[in-house]
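The values are calculated or read from the model by the stated rules, or taken from the named source; none is laboratory data. These numbers come from a predicted model, not from an experiment. Cβ placement follows ideal geometry from the backbone for every residue including glycine, while neighbour counts extend to all protein chains displayed. Just so you know, the surface numbers come from the protein's heavy atoms only, side chains and all, with ligands and any DNA or RNA stripped out. Shrake-Rupley method; radii C 1.70, N 1.55, O 1.52, S 1.80 Å.
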Amino acid sequence: MEFHQVEYGGKTISFLLERKNVKNVNLHIKPDMTVMVSANEKVPLDFILGFVKQKAAWILKNIQFFEDVQPVVQSEKEYVSGESFKYLGKQYRLRVEESETEGVKYYRGFIYLYVKDKKDHKRKEKLFGQWLRNRAEIIFNESLEKMYPFIQKYNVNKPKLMIRKMKSRWGSCLRDSNAILLNFELIKAPKYCIDYVVLHELIHFLYKSHDQQFYNFLTALMPDWKQRKSILDEEVVREL
């Protein structure tokens, strides 16, 4: 392996070069954001450096994507009675109760966590996490069902929905995969804010960039989207 760098737009792109028996110069980015290049021994280094520089804009864009979807380190929760959790725009207090029947329920401002052993932190964390993930899948899919008809008439195939914790995005439109990626943290937001994010990403199947056409279309379908976005960005607490 050889380590090399190129400069592009004031940024330095580092990459690892592997010489192997391949016909073309190949480039890919690993999830840990390492840029890998493979090329035949006969390909001059200057050609490879030029090739990487030509791909620089694409490389930086994809590195940014991987940075955005890296797992988020959550603040440590003890899962004890009295702790506060945000769910669908409201703050809930946790109540942990011992029970032979384990599970999670919520009502009247409280989330009840039923567990056989109140001292078993890993079990409490797992139960709560499974419940929250399940609720996210249900609610996010309900939002997709609600928002999709707005663009279905424009011959957009219904995308699949993916959920992941992300650092700096509420959602992402994966056009090539016909999928929408939503930030798991959205489960803390009111449903009308979730609807805004889903519609926003759906519109990207029609308009790739955030140009004036994109925003005109968004405004026509959801005139109050700015208010929803403001609530999402300013009032929804993300425990990052």
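With a cut-off of 19 Å on the backbone N, the residues of the stretch 23-45 near the modelled label site 7 Å out from Glu2 along Cα-Cβ are 23-28, 35-45. Under the simplified labelling scheme, the Phe184-Lys86 pair shows an inter-label distance of 1.7 nm, with each label point 7 Å from Cα along Cα→Cβ. Here are a few candidate values for mean projected area of the Cα convex hull in nm²: (i) 17.7; (ii) 14.4; (iii) 15.0. Which one was actually calculated from the structure I just gave you? Here mean projected area of the Cα convex hull in nm² agrees with entry (i).
The fraction of all Cα pairs in the stretch 139-238 landing in successive 10 Å bins from 0 to the largest distance is 16, 53, 30, 1, given as whole percents. Between 0 and 90 degrees, the angle of helix 212-221 with respect to the longest Cα principal axis of the chain falls at about 20 degrees. Per-residue ellipticity at 222 nm from helix content only, as computed over the chain with -39500 (n - 2.57) for each DSSP H run of at least four residues, stands at -11500 deg cm²/dmol. For the chain, with all protein chains in place and a probe radius of 1.4 Å, 48% of the accessible heavy-atom surface sits on carbon or sulfur. Surface exposure of the chain, expressed per residue as accessible area with a 1.4 Å probe, stands at 59 Å².
Were the residues from Asn24 through Gln54 laid out at 0.36 nm apart, the gain over their Cα-Cα distance would be 9.3 nm. Among Trp58, Trp170, Trp131, the largest mean-square fluctuation in a Gaussian network model of the chain, built with springs joining Cα atoms closer than 10 Å, belongs to Trp58.
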